[in-house]
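Nothing in this text is a laboratory measurement; each read-out follows from the coordinates by a stated rule. Since we're looking at a predicted model, the values are computed, not measured. Quick reminder, even Gly has a Cβ in these numbers, built from the backbone with ideal geometry, and neighbours come from all protein chains shown.
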Amino acid sequence: MSLAPKDPLDGVVTRCHRILLTGAAGNLGKVLRDRLKRYADVVRISDIADLGPAGAQEEVVPCDLSDAKAVHALVAGVDAIVHLGGVSVERPFEEILPANIQGTYHLYEAARRHGVRRIVFASSNHVIGFYKQGEVLDADSPPRPDGYYGVSKAFGEQLGSFYFDRYGIETVALRIGSSFPEAKDRRMLVTWLGYDDLEQLIKRAVFVPEVGFTIVYGASANRDSWWDNSKAARLGFRPVESSEQFRAKVESVPPLPADDAAGWYQGGAFVKAGPFGD
Ligand code: NAI
Ligand code: 15L
């Protein structure tokens, strides 16, 4: 008899009819646009930016997330939503508000009205960016956002919590670390999430039964970690990539000066962004 924990996806059909992917023109959207076709007959892709023509298994629906009516139409007829759309870096609050705060609210309201039962929310490590590097957190650690962007992601998480408690709409909020082709600096050696691991996490976030409202961290099996990701392990997430392959290149460059706050906090340089408009 095996003592390995049972995979929560054992016996679960990991395919549905239609998945909505917001932010599909962005960096991660481009990565997931094709990969999500493994899990849905139709991938409805959406963005405020140009998406080009629809390919096989695709529906292209341009939409500004700040437009409640357009988001309502966007969500009609989908089985699950992977919500990547929005401002993805620190910016003035006036830019974050319509895209990330109102936009995410519009999406949850549309999901409620159309009976969508599962949302995967691309949250961010910047929800906890003002914790010191090296401090080990888990998904229950109180938020310490490092800017308006991090605050907007904390808002999105709380919205997911509320819509589960009030309406039973399930959310997995992925506090993604740094999902890029390569880890580009010392911080990213800790926070890096490879694209295969991102896909695995999203597949599990969409299909593992009975997740309720769950926050997990999005990081690969890197040598060092600041995050206890046991809630992702409960989804059966077993990262197979590691930032170790980038270490020699990253460490060939001198470290940040000791007085640079970007080297002190988990959010890196985001802690130094702004103030804007003074
Ligand atoms: P990205 O900036 O490349 O993509 C975001 C997309 O959202 C863009 O295509 C943009 O046009 C779209 N968008 C912005 N405002 C919009 C609006 N009002 N209406 C509709 N679409 C709008 O970002 P990336 O790297 O692809 O990240 C995807 C998601 O994952 C974002 O939500 C980001 O905050 C989150 N994330 C990404 C991380 C990473 O390492 N790439 C780390 C942590 C979180
Ligand atoms: C994020 O939330 C951003 O969307 C991404 O562009 C990176 O800056 C990433 O965090 C990071 O912290 O490396």
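The modelled label-to-label distance for the pair A73/E244, using points 7 Å beyond Cα in the direction of Cβ, is 5.2 nm.
For a straight C-alpha distance cut-off of 30 angstrom, the lysines reachable from K132 (same-chain residues fewer than eight places away being disregarded) are K153, K184, K231, K249, K272. Modelled spin-label separation between Y167 and F180, with each label point placed 7 Å from Cα along the Cα-to-Cβ direction: 3.6 nm. Taking a label point 7 Å from the Cα of D50 along the Cα→Cβ vector, which residues of the stretch 71-111 have an amide N closer than 13 Å to it? Once the point is set 7 Å along Cα→Cβ of D50, nothing inside the stretch 71-111 turns out to lie under 13 Å by backbone N. Note on the chain: dipole from Cβ charges, positive end direction compared against A54, M188, G150; the farthest Cα belongs to A54. Scaling against 2.2 N^0.38 Å puts the C-alpha radius of gyration of the stretch 1-147 at 1.18.
Spin-label model, V253/E135: points 7 Å from Cα along the beta carbon direction are separated by 2.6 nm. The separation of the stretch 109-147 from the stretch 1-44, counted between C-alpha centres, amounts to 20 Å.
Evaluated at q = 0.11 Å⁻¹, a Debye calculation over the C-alpha positions of the chain (equal weights, vacuum) places log10 I(q)/I(0) at -0.61. The amide H of A40, built 1.01 Å from its N in the peptide plane, has C16 as neighbours under 5 Å, considering only residues 5 or more places off or on other chains.
Summarising the strand pairing of the chain, around 5 percent of its internal DSSP beta bridges are antiparallel. With Cα atoms as the point set, the radius of gyration and Dmax of the stretch 111-206 evaluate to 14.4, 44 Å. Using just its DSSP H runs of length 4 or more, each adding -39500 (n - 2.57), the chain gives a mean residue ellipticity at 222 nm of -8500 deg cm²/dmol after division by all residues.
When only Cα pairs under 8 Å and 6 or more residues apart are kept, what is the percent relative contact order across the chain? It rounds to 18 percent for the chain.
Of the peptides 120-131, 78-89, how do they stack up when ordered by the mean number of other Cβ atoms within 10 Å, highest first?
Those peptides, ordered most packed to least, come out 120-131, 78-89.
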